[in-house]
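Beneath this line is the structure, given in structure tokens, with notes to follow.
The values are calculated or read from the model by the stated rules, or taken from the named source; none is laboratory data. Not measured: the values here are computed from a predicted model. No Cβ is skipped: glycine too gets one built from the backbone with ideal geometry, and neighbour counts run over all protein chains shown. All accessible areas refer to the heavy atoms of the entire protein, side chains included, with ligands and DNA or RNA removed. Shrake-Rupley method; radii C 1.70, N 1.55, O 1.52, S 1.80 Å.
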Amino acid sequence: MAIPVGMLAALLVTAFGAHLGLPGDAGRIDPTQVAQTPPFDRPGVFEVAPGRYEVVMVAGIWVFTPNVITVPEGSEVTFIATSRDVIHGFFLPHADVNVMLLPGRVARVTARFPKAGEYPFVCHEYCGIAHHTMAGKVIVVPRS
Amino acid sequence: MAQAALPSLRSERRLGGAYLLVALLALFVGVATGLLQALDHAGLNLYPQVLPLLKSYYHGLSLHGVMNILVWTTFFICGFLQYLAARAFARPLVSPALAWFTFWLMTAGLVLAAIPLLGNHATVLFTFYPPMRAHWAFYVGLTLVVVGTWLVTWRLVLTYRAWRREHPQTRTPLAAFMALVTFVMWTLASLGLAVEMLVLLIPWSLGWRQGTDPLLARTLFWFTGHPIVYFWLLPTYISWYTLVPRQAGGQLFSDPMARASFLLFLLLSTPVGFHHQYTDPGIEQGWKLVHAFFTFAVFFPSLLTFFNVVASLEIGARRRGGQGLFAWFLKLPWGDPSLAAQVLAMILFAFGGIGGLVNASYSLNLVVHNTTYVVGHFHLTVGTAVTLSFMGITYWLVPVLRGRDLWSRRLALVQVWLWFAGMTVFSFALHDLGLQGMPRRTMISLATYVQAAWRPMMLLVGIGGTVLFLSALLYFLNLVLTCLASPRPAPEEPAFAEALSGPEEAPAILDRWRPWLLAAVVFILIAYGPTLVHLFRTTPLTVPGWRVW
């Protein structure tokens, strides 16, 4: 009895108590019109408030745009991403960012970067013959 | 009693042998491609050397996945469970004509799917997520295999009804009951895949429909894609419950508890698929949480199984003079390769189960999703709990089907322990690499982001995978020599275990079908209904297809 009750409690705590959000429903997009559809017509890194950034990202065979993202130490970064062809994945292990990029769907996920350094990210869903070359990095620069 | 029934089972043995032959051929292709992947993960790229056969890492990976977890499992299960059900009912199943039609339908489907797969026209991995578009024959062929499994369900149900008419008051024999639950559960669970194939993928691959939708397809795929693991696992449990206790020299601890656990699998196997889609945008978080609850619930019948089977092993070992709290374990008949394979499979499965709780966890999943951690996990479950147990089963089944004793028990024991050792190293390294951030389904030898810290574990993946491959070669060698060169006649096949607490102690409700089926359907409707209705109503099927390999 203790085992199922304990598991249930752990599940509820992690789901609601720890502010760990999974990707929910963040909208639809026509995957053939990504380059013309805001915000994906202008992929890039945007400061939306002091210390808060939005990264508008397009995944396609076999590249992330942008694939080098520079933000200052202590930033909170929201990634808004989609795919313009097949399914890709966006996996940034050091910030526990792990989301599927499905053509037709917009993914939205937030991460914090408290320490300076280089954080690699990779495509972690098979997306074709050069899948293993699809990667990028977040460069977190120290606040001077 | 079983002895008297044996001659009439000749046709069932031929059928079982036919399924087993296809299953073993598939496994051979699967382990050969697997070796190249393990070496790739150690940094050794051998694909240029095998170029005419395999066009790329991903071509080999597609073969590895489809042949091992779709074909080896499905064909083995159809052969094994029909034969075991016939033994349990002590009569041949109904309609040999239906049985052989089903076998040839499934085999034709396999050939149809294998042609584009071998020809690099279906390099879409075993999950075949659109909008990657394979040749239509791949989807049609796999669909025919699934239709064949439904016909096996039908044959088991018809046999059960005929048997029930003659035995209105008797409890269904345990192995037959479990075979029925397995196929009924699978038939219900496979509806998601059937809809994905018939509505989305086949019309689209034939050009009748312009587009598809990846989220809808993934949702339908995982509707079937998680319960399929119970379609592999339940036949393993059937061996553990109904044969292994006797092979260990003892009795099944509890027959009613075994029946109850299988009915829980019927109820809980399917409404769990979103735990493969925690990171998919487009599914509400609340429904993901519901599936997380169901996933933890379906862990419970596996715990029941663990308790029941270990208690049964302990009964056997103590009868053989085993003593102490844990030392009895050493008194199991370790010289029997069939028993040794299945007990070693259980040991690694315990770790697979614990790791699976991490995958199922709503938040921990973010650390491991689509990393090699998951690959390490399912090589412990389907790659060991299921595959090593099936190997153990073939060590008595092939001699029975062929009428010849196993060529070498000693070689079989070496093979079994090599698999255990190789898998321990292989899966440990993959779990570790996953936690370090290595993605799965990726050609690591040419990846642009390999980190120095990964190297030691990568080497272990290559070593473990090579040991597994050698083990598989010894396995095939032993079976081939059993069929061609074994001089001795086959020993008697393992009898069904008696139960310490027998079927007469099971509540009557455990032998009824409608309440359980109804509850299973209700759970599926609750867990999937709202999301599927919403997706079907709001999703235009407009995403175009790609060939990217």
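One table, with the values for the structure above:
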| read-out | value |
| --- | --- |
| Where A meets B: accessible area buried, both sides, 1.4 Å probe, Å² | 4500 Å² |
| Qualifying lysines (Cα of each under 18 Å from Cα of residue A:137; at least 8 residues distant if same chain) | A:115 |
| Span per principal axis, largest first, for the Cα atoms of region A:36-144 (Å) | 42, 28, 18 |
| Square roots of five times the Cα gyration tensor eigenvalues for region B:298-425, Å | 29, 20, 13 |
| Leading residue at positive end of dipole, region B:8-538 (Cβ point charges), from B:122, B:372, B:101 | B:101 |
| Chain B: relative contact order as a whole-number percent, Cα under 8 Å and 6+ apart | 20 percent |
| ³J(HN,Hα) computed for each position of region B:54-66 - Karplus, 6.51 cos²θ - 1.76 cosθ + 1.60, integer Hz, glycine/proline x | 10, 7, 6, 3, 6, 4, x, 5, 5, 4, 4, x, 5 |
| Distant-in-sequence amide H partners of residue B:546 (H built 1.01 Å from N, under 5 Å) | B:132, B:133 |
| Mean residue ellipticity (222 nm) of the protein assembly as shown, computed from DSSP H runs ≥ 4 via -39,500 (n - 2.57), nearest 500 | -18000 deg cm²/dmol |
| Estimated dipole of chain B in Debye, rounded to 20 [Cβ of Lys and Arg +1, of Asp and Glu -1, Cα centre] | 700 debye |
| Stokes-Einstein D for chain B, Kirkwood Rh over Cα pairs, 25 °C, 0.890 mPa s (µm²/s) | 102 µm²/s |
| Convex hull of region B:1-104 built on C-alpha atoms - directionally averaged projected area, nm² | 8.2 nm² |
| Shielded residues, region A:119-133 - accessible-area loss of 40 Å² or more between chain alone and all protein chains, probe 1.4 Å | A:122, A:124, A:125, A:126, A:129, A:131, A:132 |
| Accessible area of the protein assembly as shown divided out per residue, in Å², using a probe of 1.4 angstrom | 37 Å² |
| Residues along region B:277-291 losing 30 Å² or more of accessible surface when the other protein chains are present rather than the chain by itself (probe 1.4 Å) | B:279, B:281, B:282, B:285, B:289 |
| Student exercise, region B:289-427 dipole from Lys, Arg, Asp, Glu Cβ charges, in Debye to nearest 20 | 440 debye |
| Interface residues in region B:338-369 - accessible area drops by 30 Å² or more relative to the isolated chain, probe 1.4 Å | B:362, B:363, B:366, B:367, B:369 |
| Built amide H within the under 5 Å cut-off of residue B:443, gap 5+ | A:132 |
| Residue A:47 accessible area, assembled protein chains, probe 1.4 Å, Å² | 110 Å² |
| 10 Å binning of all Cα-Cα separations within region A:84-144, expressed as whole percents from 0 upward | 21, 47, 25, 7, 0 |
| Fraction of beta bridges assigned by DSSP in the protein assembly as shown that are antiparallel (%, nearest 5) | 65 percent |
| Mean projected area in nm² (Cα convex hull; one quarter of hull surface) for the protein assembly as shown | 30.6 nm² |
| Accessible surface of the protein assembly as shown, 1.4 Å probe, proportion on carbon and sulfur as whole % | 68 percent |
